[in-house]
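Peer 1: This is the structure I have questions about; it appears just below.
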Amino acid sequence: MFYIQSHFPAGPFVNTAAEQNANTQTMSKLLPAAFTVIALLSFTIKSVSQRFSPEVAVFIKVYAGTIALTDVKIIDGTGAAAKEHQTLLIHNDRIAAMGNAKDVTIPAGATTINCTGKTIIPGLVMLHEHLFYTSPLEEFFNISEMPFTFPRMYLAGGVTTMRTGGSIEPQTDLNLKGMIAEGKLTGPDMDVTAPYIERKGFDIPSLNVIKDTAEAAASVAFWSNKGCTSFKMYMHATKEDLAVVLREAHLRGLKVTGHIGAITYRQAAEAGIDNLEHGFMASTDFIADKKENELPDNGRQSLVDLDVNSAQMKDLIKLLVRKKVAVTSTLPVFAPYTNREIVLGGGLDALIPEIKEKLTAEWNERQHKDAVSIALFKKELSWEKQFYDAGGLLVAGTDPTGAGRTIAGYSNYMEIELLTEAGFTSLQAIKICTLNGAMYLGRTKDIGTIEKGKKADLVLIDGDIEKDIKDIRKTETVFKNGVGFDSKKMFASVKGQVGIY
């Protein structure tokens, strides 16, 4: 473990320029005299911009500057073979160099971290996350915002960029995004999705409901002006709603995803949707008597009855690939109970005692009683692999809703583990959770892989996930914009608080 000790000035922010001053002076001596003034000015601006509140600074192990990670195994996110005994050099918020030790010169004054036995991967780019958690209201399903615990837990779990896959408090999500960017709160960079586009159907108090297509169009206009960059169709939304949302979003250069049901995957793909959520678990394409624009009550049963190698599924997959529709894997939220963790990824102690007790009782009650769920889950694993092998863009998320077993950060570990259970190699699983997400967001110039010039968004793991995928849970340091955050310390800080805020 390593910590860079700092003395914080008075006031609401910690300014890292002072901490980096010695490095600035050392580096300037290495530069040609003609460029020294310019280099110093550039470095100072970068340093001054790294400002953090004391509440954030307490989790920082190393500030942005010149950092050398030595003797590290690099999994770069492209799916290519890992490289052993590498040196990775970070300068401010960017990757400055990487390669064999003999090929990378470490500047004098750099912070050097020995990473023998450790692995580094790109920061995770997860596309179906939420800042809310299951919170029943009497007999009704409901969800409540977790603005304190979840952003911090996502970063602790290695998520440096995330898309909220639907919002119940968009103003909160947008404000959190801004406060994180300003160094006032701890969390990932965020792509904020607007409130759900949904027709009346479910009695969920926190769910946004529209009454017609005009409201659907108005919602896109209003929330895009507010700063939302993604839109999500929900289960009772109609084909007509989708058409206007696609029109309005695409006019603005924004994308639309869907957890649909009244609309089939085929209809959505033909209409031009960008993304479909939950793998194939939300598909209603295989119901023979499905009625137009109506959400059937036997959608899941139709998947249970469908053969895993069905020609119908293969045909649907071909259509999605041809139409360039991305599919989001959210395996943790569907994971069966039997012989699996109560809270997936190991986060049971993060919950408040009342929820912890409730989930434990439910888990005990459902052991060895979920054979149908187990069989369907195995099919879903296969269908996602079939889609990927057919050339589809498979991205990933976790969806912390459902029964409450899926929570921020911990479930991101589990998604990677479950992808390997589906037959993906560890290298492929990391690519799905990094580069593929960046591709969908159109941000591959900056994030998604470990390459010179890209943002220093990195996850340092005390282990080797190629040997044991569960080593992903040994995440030690998460670098975001070149700043190293203490994963375990962030997780520990919210112990027993998920379910409150």
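Bear in mind these aren't lab numbers, they're just calculated from the coordinates by the rules spelled out. Small disclaimer: the values here were computed from a predicted structure and weren't measured. Please note: Cβ atoms are built from the backbone with ideal geometry, for glycine as well, and neighbour counts cover all protein chains shown.
Peer 1: Along the principal axes of its C-alpha atoms, what lengths does the stretch 63-114 span, in descending order and rounded to whole Å?
Peer 2: Cα extents, longest axis first: 32, 22, 16 Å.
Peer 1: Report the net charge of residues surrounding Ile432, where surrounding means a beta-carbon distance below 10 angstrom and charges are Lys +1, Arg +1, Asp -1, Glu -1.
Peer 2: Summing Lys/Arg as +1 and Asp/Glu as -1 gives -1.
Peer 1: Here is a further query. If you average 1/r over every pair of different alpha-carbon atoms in the stretch 91-166 and take one over that average, what Kirkwood value in Å do you get?
Peer 2: Its Kirkwood hydrodynamic radius stands at 16.3 Å.
Peer 1: For a test of the definition: using alpha carbon positions, the gyration tensor, and the 1.5 limit on a/c, classify the stretch 408-501 as rounded, prolate or oblate.
Peer 2: Because a/c hits 1.5 or more and a/b fails to exceed b/c, the stretch 408-501 counts as oblate.
Peer 1: So, one more: Take the alpha carbon atoms of the stretch 281-346, find their radius of gyration, then divide it by 2.2 N^0.38 Å using N residues; give the quotient.
Peer 2: 1.36
Peer 1: Nearest 10 degrees is fine. How inclined is helix 33-49 to the longest principal axis of the chain, computing both from alpha carbons?
Peer 2: The answer is roughly 50 degrees.
Peer 1: While we're here: Largest first, please: the extent of the C-alpha atoms of the stretch 314-421 along each principal axis, to the nearest Å.
Peer 2: 48, 28, 20
Peer 1: What number does the stretch 197-237 give for Rg over Rh if you use C-alpha atoms and the Kirkwood radius?
Peer 2: 0.97
Peer 1: What is the diffusion coefficient of the chain in µm²/s, taking the Kirkwood radius over Cα pairs and the Stokes-Einstein relation at 25 °C with a viscosity of 0.890 mPa s?
Peer 2: 105
Peer 1: Considering only Cα-Cα distances, which of the following residue pairs are longer than 25 Å: Lys73/Lys177; Lys177/Lys454; Lys200/Lys385; Lys385/Lys431?
Peer 2: Checking Cα-Cα distances, Lys73/Lys177; Lys200/Lys385 exceed 25 Å.
Peer 1: Residue by residue, what Karplus-based ³J(HN,Hα) values in Hz, rounded to whole numbers, does the stretch 194-200 have, using 6.51, -1.76 and 1.60 with θ = phi - 60° and x for Gly and Pro?
Peer 2: Values per residue, Gly and Pro as x: 5, x, 3, 8, 9, 8, 4 Hz.
Peer 1: In the stretch 264-285, which residues have a backbone nitrogen under 18 Å from the label point lying 7 Å from Asp315's Cα in the Cα-to-Cβ direction?
Peer 2: The answer is 264-271, 283-285, whose backbone nitrogens lie closer than 18 Å to the label point.
Peer 1: Rounded, prolate or oblate: which fits the stretch 353-468 when a ≥ b ≥ c are the square roots of the eigenvalues of the alpha-carbon gyration tensor, with rounded for a/c under 1.5 and prolate only if a/b beats b/c?
Peer 2: In terms of gyration-tensor shape, prolate.
Peer 1: I've got another one for you. Using θ = phi - 60° and the Karplus curve 6.51 cos²θ - 1.76 cosθ + 1.60, what whole-Hz ³J(HN,Hα) does each residue of the stretch 410-415 get, with Gly and Pro shown as x?
Peer 2: Whole-Hz 3J(HN,Hα) from phi for the stretch 410-415: 4, 5, 5, 4, 5, 4.
Peer 1: What FRET efficiency comes out for the pair Asp370/Lys445, r = Cβ-Cβ distance, R0 = 56 Å, nearest 0.05?
Peer 2: The formula returns an efficiency of 0.80 here.
Peer 1: If you don't mind, there's one more thing I want to ask. For Glu357 paired with Asp203, estimate the spin-label separation in nm (one decimal), with each label point 7 Å from Cα along the Cα-to-Cβ line.
Peer 2: 2.7
Peer 1: Give me the Debye-computed log₁₀ of I(q)/I(0) at q = 0.11, 0.15, 0.21 Å⁻¹ for the stretch 201-330, equal point scatterers on Cα only, no solvent, two decimals.
Peer 2: The Debye formula, applied to the Cα set alone, gives -0.38, -0.71, -1.30.
Peer 1: What is the spin-label model distance, in nm, from Arg252 to Phe141 if the labels are put 7 Å beyond Cα along the C-beta direction?
Peer 2: So the two model labels end up 2.7 nm from each other.
Peer 1: Right, next: For labels at Glu270 and Lys489 in the simple 7 Å Cα→Cβ model, what's the distance in nm?
Peer 2: 5.6
Peer 1: Right, another one. Once you charge only the Cβ atoms, +1 for Lys and Arg and -1 for Asp and Glu, what is the size of the charge dipole of the chain about its Cα centre, to the nearest 20 debye?
Peer 2: 1400
Peer 1: To the nearest 20 debye, what charge dipole does the stretch 275-362 have about its Cα centre, counting +1 at the Cβ of each Lys and Arg and -1 at the Cβ of each Asp and Glu?
Peer 2: It comes to approximately 500 debye.
Peer 1: Going down the list Lys255/Lys480; Lys118/Lys358; Lys358/Lys455, which pairs span over 32 Å between their C-alpha atoms?
Peer 2: Those over the limit are Lys118/Lys358; Lys358/Lys455.
Peer 1: Also, I was wondering about something else. Given H placed on each backbone N at 1.01 Å, which residues far from Arg163 in sequence or on other chains put an amide H within less than 5 Å of it?
Peer 2: Distant-sequence amide H within range of Arg163: Met126, Leu127, His128, Glu129, Asp191.
Peer 1: For the stretch 223-270, take the alpha-carbon Rg, divide it by the Kirkwood Rh, and send me Rg/Rh.
Peer 2: Radius of gyration relative to Kirkwood radius: 0.97.
Peer 1: Over all distinct alpha-carbon pairs, what is the Kirkwood Rh of the stretch 87-228 in angstrom?
Peer 2: Across the stretch 87-228, the inverse of the average 1/r is 18.1 Å.
Peer 1: If you don't mind, there's one more thing I want to ask. Per residue of the chain, what 222 nm ellipticity follows from adding -39500 (n - 2.57) for every DSSP H run with n ≥ 4, rounded to the nearest 500?
Peer 2: Taking each H run of at least 4 residues, the total per residue is -10500 deg cm²/dmol.
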